[in-house]
Amino acid sequence: MSLCDLKIGESGYVTKINCNDDIRVRLYDLGLIEGTNIKLILISNGINAYLIKNSLIAIRNKDALNIIVGEVND
Amino acid sequence: MTKIALIGNPNVGKSTLFNELTGMHQHTGNWTGKTVGIAKGYYKDLEIYDLPGAYSLIPHSKEEEVTSDFIINGNYDIALIVCDALVLERNLNIVLQTLEVTNNVILCINLIDEAKKNNIIIDYDKLASILNIPVIGISARKKIGIDKLIDTINNFKSNNSFQINYNSKIEECIKILNTKSRFEAIKYLIVGSSDKYINEKVKQCRLYLNDNNIDINNSILGNIVKNSEDIAKKVVINNKKYNFKIDRILTNKVTGIPIMIILLVLIFYISIRGANYPSDLLFRLFNYIGNNLKNILINIHIPSIIYEPLMDGIYRVTTWVIAVMLPPMAIFFPLFTLLEDLGILPRIAFNMDGLFNKSNACGKQALTMMMGFGCNAVGVTGSRIIDSKRERLIAILTNSFIPCNGRFPTIITILTIFFIGVSSSVFNSFLSILLLTIIILISIFMTFIVSKILSITILKGIQSSFILELPPYRKPLIFKVIIRSIFDRTLFVLGRAVIVSIPAGLIIWLLNNIYISDMNILNHLSNILNNFGLLLGMDGVILLAFLLGFPANEIVIPIMLMIYMSNNSLIDISNLNVLKNILVSNGWTFITAISVLIFTLFHFPCSTTLLTIKRETNSIKWTIISFIIPLIIGIVLCFIVSNIIRVII
């Protein structure tokens, strides 16, 4: 499933980042690599905010669509 | 003199530390992208450079490029890296990257007081021994650990610090490229080089890595992140309890945007209402001083050719600008700075991203738009935080649609006189809030429309990704906020307005007092413009006032009044009833008021903003376009709206 499919409060481990290089490098900067735990916190119009390594990061859904997560927990 | 480069992720308190050390007032705020240029300051024999915040030394935006170039090219003795104790793990990325550039690094972990409050425990000694560099915990806001930091800087000795081990193939490439620092080679592998000779080698390395199935980004940057993760696991214990209740309300799909708009309007309303009395007082004071000063000049036999331009030109226009601008700004800027410090601005960007997304623009444009409410030139400079060039241009070209502090007095005066009524009843207060909200919504709406039009015409292109950090809320230091916003912003913007109003006052007086065949130049000019003005629901005088107000929008109304009353001397223009009589007796109607409001929102950017646009875009073409777009919109809207109302009435 993709990051977008998480529900508020759910978290999962990133298994694959299929974004283009530009976004992928940006995500690395924020500490998001394959294996990082990520939790959906806020939902807005076309953009959600996730808890990544203790900080709240907003990512547009069309980018989040390419981030694949597994092992979903509540 | 020891040169210190201050670097770190955005919003970790670099500027706060810089101000603490240098006693300077670099603007700080709780959001990413506050510092857009390099600031330099001194503390004893330390020369300190405050660099823009960067997540990485591999730059994505203009501001990150500044930092990356500065650190890699190395005209400094010590890189002082500031980290946020609450998100140390992520912050370690740039630490590890910097260690690939130089061993001369001191790590300064800021906000240790907040970390403690949040049950985050950091083992500084262990971190220092892993990285083999000095690690100091501080709180720049609370002035904790600053002395120890200074001691460490003064006694600094360089060691062989921590080094990352990459995949052996990458290490081979670093050797082949043989650059000054390991990081330079890494940067070339990732982004290439402008040097032809180096780039040739880079290409070969990339081919080699490709042949060996090595993903460069992942094996370098991903590896650095992995290293940060491993180190953080050893030195950080995080028992923080997260609470997002406030955010759930402020960023709610339904309630988020209305709450933000109410907040914004409330700030404007408080600024305007609160400014009424002090503005009036200033008017009277300046009037009193002006009259006495003029009498003194007459009594000591100064010729009228000198005192008239001085008092009726320069003094009158300049004091008007101060009386109109100073009180609302002295209220608006501190309130706005409080919002900044709290961390509200990124939430606004988050809420509005959906709309900017639909306009094919960047969500960070919400931030530059907000800055535009203070001053459009500041909003234009702030657009540097937007990574994509196309989206940055959209933000720059549309910034002047947002009414700045210089235009609000005009809007308020006209709203009050023609739509609300001069008395201050509860109903009138409510009405003025409502009208103000509509005006703000119109300007924001126009920003979206024009952004969209630009992005499907002259600024076509693929939308870049948008990733934004929402920092935790921080309790602002209220006293500091007031002092800082008054000195740094209010007086700065006011000073600039005064500087342009002095020559403007003189020029207007000259145009007003030089006669060509029985009529002064101002009247000649306004006669020429009159037919065109009438077509737009205004008149020649109003258009002339906007033209002469090019250096600063706040002088538009004073110029108008000077022309209308060319033969009159000073009157008490603080009295809105008197003002209304003057305007009405010069043919102003409801239609004129509407047209002037529209034209105040949409005409051309002021000279300062245009110069800033020229500097930021480095292009005459875009500067001209930024001049023309709002002008055409203003002319077309005024023409249509005024004629429609005329037909209806």
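The values are calculated or read from the model by the stated rules, or taken from the named source; none is laboratory data. This is a predicted model, so every value here is computed, not measured. In this analysis, Cβ positions are derived from the backbone assuming ideal geometry, glycine residues included, and neighbour counts consider all displayed protein chains. Quick note on the areas: whole protein, heavy atoms, side chains included, nothing else; ligands and nucleic acids left out. Shrake-Rupley method; radii C 1.70, N 1.55, O 1.52, S 1.80 Å.
Counting residues that are within 30 Å of B:I645 (Cβ to Cβ), which helices (runs of 4 or more DSSP H) fully inside the stretch B:456-568 reach at least 2?
Numbers: elements: B:478-484, B:491-513, B:521-535, B:540-548, B:556-564.
Ranges flagged: B:521-535, B:540-548, B:556-564.
Would you point out the residue of the stretch B:600-617, among those that are not hydroxyl-bearing (S, T, Y) and not in a loop (DSSP other than H, G, I, E, B), that is most open to solvent (accessible area, probe 1.4 Å)?
Let us first name the residues in the stretch B:600-617 that are not hydroxyl-bearing (S, T, Y), namely B:601-606, B:610-611, B:613-616.
Subsequent filtering for residues that are not in a loop (DSSP other than H, G, I, E, B) retains B:601, B:610-611, B:613-616.
Working: B:L601: 9, B:L610: 22, B:L611: 125, B:I613: 2, B:K614: 75, B:R615: 146, B:E616: 15 Å².
So the residue we want is B:R615.
Filter the stretch B:622-648 for residues that are among the β-branched types (V, I, T) and crowded, with 20+ Cβ neighbours inside 10 Å and give the result. First the steps, then the outcome.
To start, the set of residues in the stretch B:622-648 that are among the β-branched types (V, I, T) comprises B:623-625, B:628-629, B:632-633, B:635-636, B:640-641, B:644-645, B:647-648.
B:T623, B:I629, listed by residue number.
Of all residues in the stretch B:452-476, how many are within 17 Å of B:C362 (Cα to Cα) and open to solvent by 70 Å² or more (accessible area, probe 1.4 Å)?
Start the filter on the stretch B:452-476 by keeping residues that are within 17 Å of B:C362 (Cα to Cα), which leaves B:452-470.
So of that shortlist, the ones also open to solvent by 70 Å² or more (accessible area, probe 1.4 Å) come out as B:452-453, B:456-458, B:460, B:462.
Number of matching residues: 7.
Checking B:F448 against (1) open to solvent by 50 Å² or more (accessible area, probe 1.4 Å); (2) closer than 26 Å to B:V265 by Cβ; (3) not acidic (D, E), only one condition comes out false. Which one?
(1)
Which numbered condition trips up B:I385, out of (1) open to solvent by 20 Å² or more (accessible area, probe 1.4 Å); (2) in contact with a Gly (Cβ under 7 Å, 6 or more places away or on another chain)?
(1)
Pairs only if they're at least six apart or on different chains, beta carbon under 6 angstrom, first in the stretch B:461-474 and touching a residue at least 24 places away in the same chain (Cβ under 8 Å), second of a type in the set (V, I, T) and open to solvent by 20 Å² or more (accessible area, probe 1.4 Å); list them, first residue then second.
Every condition considered, the pairs that remain are B:E469/B:T32.
Against the condition within 14 Å of chain A (Cβ to nearest Cβ), open to solvent by less than 20 Å² (accessible area, probe 1.4 Å) and part of a loop (DSSP other than H, G, I, E, B), how does B:I58 come out, does it pass?
Criteria met by B:I58.
Name, by its number, the condition in (1) touching a helix residue (DSSP H, G or I) at 6+ places or on another chain (Cβ under 7 Å); (2) surrounded by fewer than 23 Cβ atoms within 10 Å (Cβ to Cβ) that does not hold for B:N405.
(2)
Restricting attention to the stretch A:1-30, and to residues there that are in contact (Cβ under 8 Å) with a residue 24 or more places away in the chain and within 11 Å of chain B (Cβ to nearest Cβ), which single residue is surrounded by the most Cβ atoms within 10 Å (Cβ to Cβ)?
A:L27
Hey, does the stretch B:342-352 have a residue that's more than 25 Å from B:M446 (Cβ to Cβ), part of a helix (DSSP H, G or I) and not small (G, A, S)?
Looking only at the stretch B:342-352, we keep the residues that are more than 25 Å from B:M446 (Cβ to Cβ), and these are B:342-343.
Add one more test, that the residue is part of a helix (DSSP H, G or I), and what stays is B:342.
Now narrow it down to the ones that are not small (G, A, S): B:342.
Taking every residue of the stretch B:342-352 in turn, at least one turns out to be more than 25 Å from B:M446 (Cβ to Cβ), part of a helix (DSSP H, G or I) and not small (G, A, S).
Where residues in the stretch A:36-70 are open to solvent by 40 Å² or more (accessible area, probe 1.4 Å) and closer than 23 Å to B:N227 by Cα, which of them is nearest to the other protein chains (Cβ to nearest Cβ)? Before the answer, list the steps.
First, pick out the residues of the stretch A:36-70 that are open to solvent by 40 Å² or more (accessible area, probe 1.4 Å): A:37, A:39, A:43, A:45, A:54, A:61-62, A:65-66, A:68.
From the residues that got through so far, the ones that are closer than 23 Å to B:N227 by Cα too are A:37, A:39, A:54, A:68.
Numbers: A:N37: 11, A:K39: 9, A:N54: 5, A:I68: 15 Å.
Of everything passing the filter in the stretch A:36-70, A:N54 is nearest to the other protein chains (Cβ to nearest Cβ).
When the stretch B:62-84 is examined, which residues are found to be open to solvent by 10 Å² or more (accessible area, probe 1.4 Å), at pLDDT 85 or above and assigned to a helix (DSSP H, G or I)?
Of everything in the stretch B:62-84, those that are open to solvent by 10 Å² or more (accessible area, probe 1.4 Å), at pLDDT 85 or above and assigned to a helix (DSSP H, G or I) turn out to be B:E65, B:V66, B:D69, B:F70, B:I72, B:N73.
Just give me the residues in the stretch B:199-215 being part of a helix (DSSP H, G or I) and open to solvent by 30 Å² or more (accessible area, probe 1.4 Å), in sequence order. I'd like the intermediate steps shown before the answer.
As a first pass, look at the stretch B:199-215 and keep what is part of a helix (DSSP H, G or I): B:199-211.
Selection gives B:N199, B:E200, B:K201, B:K203, B:Q204, B:R206, B:L207, B:Y208, B:N210, B:D211.
Which residue pairs have Cβ atoms under 7 Å apart, sit 6 or more places apart or on different chains, and have a first residue in the stretch B:236-264 that is within 27 Å of B:Y124 (Cα to Cα) and more than 10 Å from chain A (Cβ to nearest Cβ) and a second that is open to solvent by 40 Å² or more (accessible area, probe 1.4 Å) and part of a strand (DSSP E or B)?
As it stands, the answer is B:I237/B:I121, since those pairs meet every condition given.
Can you say whether B:I645 is modelled with pLDDT of 90 or more and either assigned to a loop (DSSP other than H, G, I, E, B) or touching a helix residue (DSSP H, G or I) at 6+ places or on another chain (Cβ under 6 Å) (or both), as far as the supplied structure shows?
On the way: modelled with pLDDT of 90 or more: yes; either assigned to a loop (DSSP other than H, G, I, E, B) or touching a helix residue (DSSP H, G or I) at 6+ places or on another chain (Cβ under 6 Å) (or both): yes.
In short, yes.
Given the options B:T368, B:T337, name the one that is crowded, with 23+ Cβ neighbours inside 10 Å, among the polar types (S, T, N, Q), in contact (Cβ under 8 Å) with a residue 60 or more places away in the chain and away from chain A (no Cβ under 14 Å). Show your work before the answer.
Values: B:T368 fails: in contact (Cβ under 8 Å) with a residue 60 or more places away in the chain.
That would be B:T337, the only listed residue that is crowded, with 23+ Cβ neighbours inside 10 Å, among the polar types (S, T, N, Q), in contact (Cβ under 8 Å) with a residue 60 or more places away in the chain and away from chain A (no Cβ under 14 Å).
Looking at (1) away from every other protein chain (no Cβ under 14 Å); (2) more than 27 Å from B:T179 (Cβ to Cβ), which is the one condition that is false for B:A79?
Only one criterion in (1) away from every other protein chain (no Cβ under 14 Å); (2) more than 27 Å from B:T179 (Cβ to Cβ) is unmet by B:A79, namely (2).
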